């Protein structure tokens, strides 16, 4: 009896793939139907590849001052022209790409790692703890994003790490709120009661049964927030509070170009375009992700 | 009954506070279960019936401490369940399991059946690790599913199949008592019968005790040994199946039973129509809670709360909570209002 059961499950394993891989494939299938999201997805993949391998392939140094070639327009040698110090803008954008993406990813990861557990705990236990956590989140949310980030950076000092921390802190309440809302809905489902009735500890209920089921709206939020984070970080650098020269941060480059708008518009133009492309890619991808992860959209 | 008492409920109360005002004071309570006392003997099936909102499910959840009861005692196999600390309670849960109403919500959508069952065994540590795979196949077969289906996700099963998985999960820890919270209400009638027969079979094989919460009287008649009728958080009548169905004493039970459809279009049945809705459990009526709808209500019913009691002609532990059990039975006490003949459209 047991042997036949064993055999049956073995033959089945050959036919059936790992459920995780299968659900990833399903997800890709649904994403493929949304053309803009797919474009966003591939743009992001392309940008990540460029940010990893690009810096090895550029010919010009990104930080050497070359005053004889300053403010040169786009040409065959300098594809995007040079800035007021004679540095190649194309090279600087390629080198700055990893910084930009890093700010986006790390601040969102940091914000999520802090915000999601806070939100889940808040929603799961409720009561006073919930009140305490969520009122604190409301305080954070009451500040306009860039102002809060500015305040944090001016306290911690202007550097890229501090920008990441500042942007992450601002991301916390968003994650906490979404996590709390989904937790409230999930904890009322009967399977949570069933696992409690079996004697599961709160830890098990939270990490094995609530966390995986509240994740999809959080992933969407994370993707969309990467765009906001990049924009905020660029804004801080533009204001001189973020990356310090000669770091090729796009916001800082935009600021460099500000004084030469009339003589050499390309200095501000290309970093600006780069920011737009990255932010747009994440936003479009995030929107598509929302549709693809929504089980109601399943056809 | 000379069997062993398995579960004793004494004066169980479950109030849900209604918070209001600026400071979140408790303004009032929803008295979902108000002073309920009963005993379940080992190996029997006790059904709790009543219309929605009468506190059936809340009673079940309170026994398992899924919601912490406000007051009362729950004694399981000699242990005071409500006095246990968290750790001992977790161990205790091995003996008391629950099957839920909604087969679509009662399984984690991201776990395969195998993961669900193995986790249950893992929590209570009932089966040695290496034997768990075999135990899963065994459980699947017991509930009438194919062992190879264990690696599928809940959404790949039908409602009836999922309910079987829920049953397998409850059985995986070898419980003594299973609370079936409307366990078959969401299923097709044909599937209901299958699942009910399955439950009966397990009862015989494993000496299980069921607390069966239901609103379908046909199902109740099929499966129960004894029946508890609840109305608005209180027990109005309790007794073995025969006495309740053949010889109901409480006017509410009579009305409830008269609502069972008879599969014969020519047969005339006397249907008792109650007027109005169930009153709110926030401010339940004084005295007998049924007096607002009872055709036999008098001044006494408004003022005095009737206790569960029996008359000498009632046997088998049959009790009802009404001031006029004997008088109504003998026809001495006539309906004080004409609600029974009003047909609602």
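A few remarks follow.
- Scanning the range B:76-93 for residues that are on the phi > 0 side of the Ramachandran plot and touching a residue at least 40 places away in the same chain (Cβ under 8 Å) returns a single hit, B:77.
- Complete set of residues in the range B:95-104 that are facing chain A (nearest Cβ under 7 Å) and buried (at least 19 other Cβ atoms within 10 Å of the Cβ): B:97, B:98, B:100
- Verdict on residue A:168 being crowded, with 23+ Cβ neighbours inside 10 Å, away from chain B (no Cβ under 14 Å) and under 15 Å from the mean Cα position of the chain (by Cα): yes
- Criterion violated by residue B:127 - all others in (1) buried (at least 19 other Cβ atoms within 10 Å of the Cβ); (2) within 29 Å of the chain's Cα centre (by Cα); (3) more than 10 Å from every other protein chain (Cβ to nearest Cβ) satisfied: (2)
Per-residue answers, yes or no, for (1) at pLDDT 90 or above; (2) within 11 Å of chain A (Cβ to nearest Cβ); (3) within 18 Å of residue B:213 (Cα to Cα); (4) part of a loop (DSSP other than H, G, I, E, B):
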| residue | (1), (2), (3), (4) |
| --- | --- |
| B:136 | yes, yes, no, no |
| B:141 | no, yes, no, no |
| B:144 | no, no, no, yes |
| B:155 | no, yes, no, no |
| B:166 | yes, yes, yes, no |
| B:169 | yes, yes, no, no |
| B:175 | yes, yes, yes, yes |
| B:178 | yes, yes, yes, no |
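- Residue match in the range A:97-114 (condition: more than 22 Å from residue A:285 (Cα to Cα) and out of contact with any strand residue (DSSP E or B) (no Cβ under 7 Å at 6 or more places or on another chain)): yes
- Pairs, first in contact (Cβ under 8 Å) with a residue 60 or more places away in the chain in the range B:292-308, second buried (at least 20 other Cβ atoms within 10 Å of the Cβ) and in a loop (DSSP other than H, G, I, E, B), C-beta under 8 Å, six or more apart: B:308/B:321
- Meets criteria (more than 8 Å from chain A (Cβ to nearest Cβ) and crowded, with 17+ Cβ neighbours inside 10 Å) for residue B:115: yes
- Inclusion of residue B:120 among residues that are more than 21 Å from the chain's Cα centre (by Cα) and either within 9 Å of another protein chain (Cβ to nearest Cβ) or in contact (Cβ under 8 Å) with a residue 60 or more places away in the chain (or both) is warranted.
- Some residue of the range B:38-58 being over 23 Å from residue B:245 (Cβ atoms), touching a residue at least 24 places away in the same chain (Cβ under 8 Å) and either within 13 Å of chain A (Cβ to nearest Cβ) or buried (at least 22 other Cβ atoms within 10 Å of the Cβ) (or both): yes
The values are calculated or read from the model by the stated rules, or taken from the named source; none is laboratory data. Source: prediction; values computed, not measured. Please note: Cβ atoms are built from the backbone with ideal geometry, for glycine as well, and neighbour counts cover all protein chains shown.
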